[in-house]
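Here the structure comes first, spelled out in structure tokens, and everything after it is commentary.
The values are calculated or read from the model by the stated rules, or taken from the named source; none is laboratory data. Given the structure is predicted, the values throughout are model-derived calculations rather than measurements. Virtual Cβ from ideal backbone geometry, glycine too; neighbours counted across all protein chains shown. To get the accessible areas, we keep the full protein, side chains included, count just its heavy atoms, and leave off ligands, DNA and RNA. Shrake-Rupley method; radii C 1.70, N 1.55, O 1.52, S 1.80 Å.
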Amino acid sequence: MKHIIILGDGMADWPVKSLGDKTLLQYAKTPYMDMLARMGRNGRLQTVADGFHPGSEVANLSVLGYNLPKVYEGRGALEAASIGIDLKPGEMAMRCNLICIDGEVIKNHSSGHISTEEADVLIQYLQEELGSDKVCFHTGVSYRHLLVIKGGNKQLDCTPPHDVPLQPFRPLLVKPLQAEAEDTASLINELILKSQELLKNHPINQKRIADGKDPANSIWPWSPGYRPQMETLSDTFPGIKSGAVISAVDLIRGIGYYAGLRRLEVEGATGLYDTNYENKVAAALDALKKDDFVYLHIEASDEAGHEGDVDLKIKTIENLDSRAVGPIYEAVKDWDEPVAIAVLPDHPTPCELRTHTKDPIPFLIWYPGIEADSVQTYDEVAACEGSYGLLKEDEFMKTFMLANK
């Protein structure tokens, strides 16, 4: 049996008063996810272990069954792998956002979703001005970039910028968690402040302001770590001899690298609401013909949640249903070799809060011949009645990969 996980990043949410106290999954029109929930089995998954921040790196590693205390090294090291940076011993990688600061306040974590082309000019400029034998900036995608510090100490208190929209930035600067990390914290904060001086009058930002767009006028490094020690999924699950990951997000592609999955490039994949669902689905179906396991990650709902846009997030959920889940189900339901489908988010990103939470997420599993439970719809409330109950750690992945047993 083949296996595909369709992950709608951040699509779980809280009840919304304007929607009659329904969650967005309850309110959205999702006939395919509801059908699979009705024909399959359901449950909830705790993707954020105690003591961990509800970041996408934590949640996606959990979905794939990894032991977080054993493998977690932050987001930067995973994204380094995705963009081809081979971290050496002693090299610390950090996600390095280009953010928009308005006065003393973090306006947003994405500089208005700056294009990769514009961002690359700024990152190269920062490397020329601030780079050294110890400090190196690398271009990623859109606002998501990489800072590598040789000899950096990862014992740092760093705040993810998407957690603190509209808050003053100075109280959120990096703090050392132990004395040995004081030099690293001071270096990073110095880079942040110097970047603001360098970027404020850069031609790219002057043009963005003239065009009514948010400038990328500061860096914001966070999530430090070293090269992770991860086993491949093939080493852990005998049913996965080969696999593929499809995502526009460097973080997920980096997880895929260490998990031993082929990372597929998809034209038009943006990580936003305008992503090319059709090309992603085509790539997923093609991969399923060759591989045992496919991880299809779609970021759109998470970005809508960070923007606090309820209507847009509903649209992204409905797009996931009609343009990804539905076409994949219709394509594989009659294959000679059966395909198991799982649908779930990695974490909630409530529009009210505009950041991630560690609440358990709903999941469904369907495959030909599965004995259905009593759940009739796919959402946070209905999943509480699912026959799988509340799973944690590697229980979801083990359950899913045993679907053909």
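Odds and ends about this structure:
- Inter-probe distance in nm under a simple model that places probes 7 Å from Cα toward Cβ, at Lys289 and Asp183: 5.6 nm
- Under Karplus coefficients 6.51, -1.76 and 1.60, residue-wise ³J(HN,Hα) of segment 252-263 in Hz, glycine/proline x: 5, 5, x, 4, x, 4, 6, 7, x, 9, 5, 9
- Stretched out straight at 0.36 nm per residue, the stretch from Ser322 to Lys70 would grow longer than its current Cα-Cα span by 86.9 nm.
- Net charge, Gly90 excluded, C-beta distance under 15 Å - Lys, Arg +1, Asp, Glu -1: -1
- Using heavy atoms of the protein chains and a probe of 1.4 Å, the accessible area assigned to Arg323 is about 80 Å².
- The fraction of accessible area contributed by carbon and sulfur in the chain is 48 percent, rounded to a whole number (1.4 Å probe; ligands and nucleic acids excluded).
- Whole-number accessible area per residue in Å² for the chain, which is evaluated in the context of all protein chains at 1.4 Å: 40 Å²
- Here the extension length gained between Cys384 and Trp335 equals 14.5 nm, from 0.36 nm per residue of separation less the Cα-Cα distance.
- The chain: angle of helix 116-130 to the longest principal axis, Cα-based, in degrees nearest 10: 40 degrees
- The dipole here belongs to segment 83-168: it is taken about the Cα centre, uses +1 on the Cβ of Lys and Arg and -1 on the Cβ of Asp and Glu, and is about 320 debye.
- Spatially, segment 233-264 and segment 351-379 are offset by 22 Å when compared through their Cα centroids.
- Rounded to the nearest 500, the helix-only mean residue ellipticity at 222 nm of the chain stands at -9500 deg cm²/dmol, with each DSSP H run of n ≥ 4 adding -39,500 (n - 2.57).
- Förster radius 22 Å - calculated FRET efficiency between Lys134 and Asn201, Cβ distance, rounded to 0.05: 0.25
- Charged side chains reduced to their Cβ positions (Lys and Arg at +1, Asp and Glu at -1) give the chain a dipole of some 280 debye around its Cα centre.
- Helix 277-290 axis, angle to the chain major axis (alpha carbon atoms, nearest 10°): 60 degrees
- Per-residue SASA entry for Thr232, accessible area with 1.4 Å probe, Å² rounded to 10: 40 Å²
- Calculated FRET value between Asp102 and Gln376, using beta carbons and R₀ = 56 Å, to 0.05: 0.75
- Extent along the principal axes, Cα only, for segment 271-405: 43, 34, 26 Å, with the longest axis given first.
- Relative to one another, the C-alpha centroids of segment 105-176 and segment 206-232 are positioned 4 Å apart.
- Distance from the Cα centroid of segment 294-321 to that of segment 326-346 is 20 Å (rounded to whole angstrom).
- Spread over its residues, the convex hull of the C-alpha atoms of the chain is 129 Å³ per residue.
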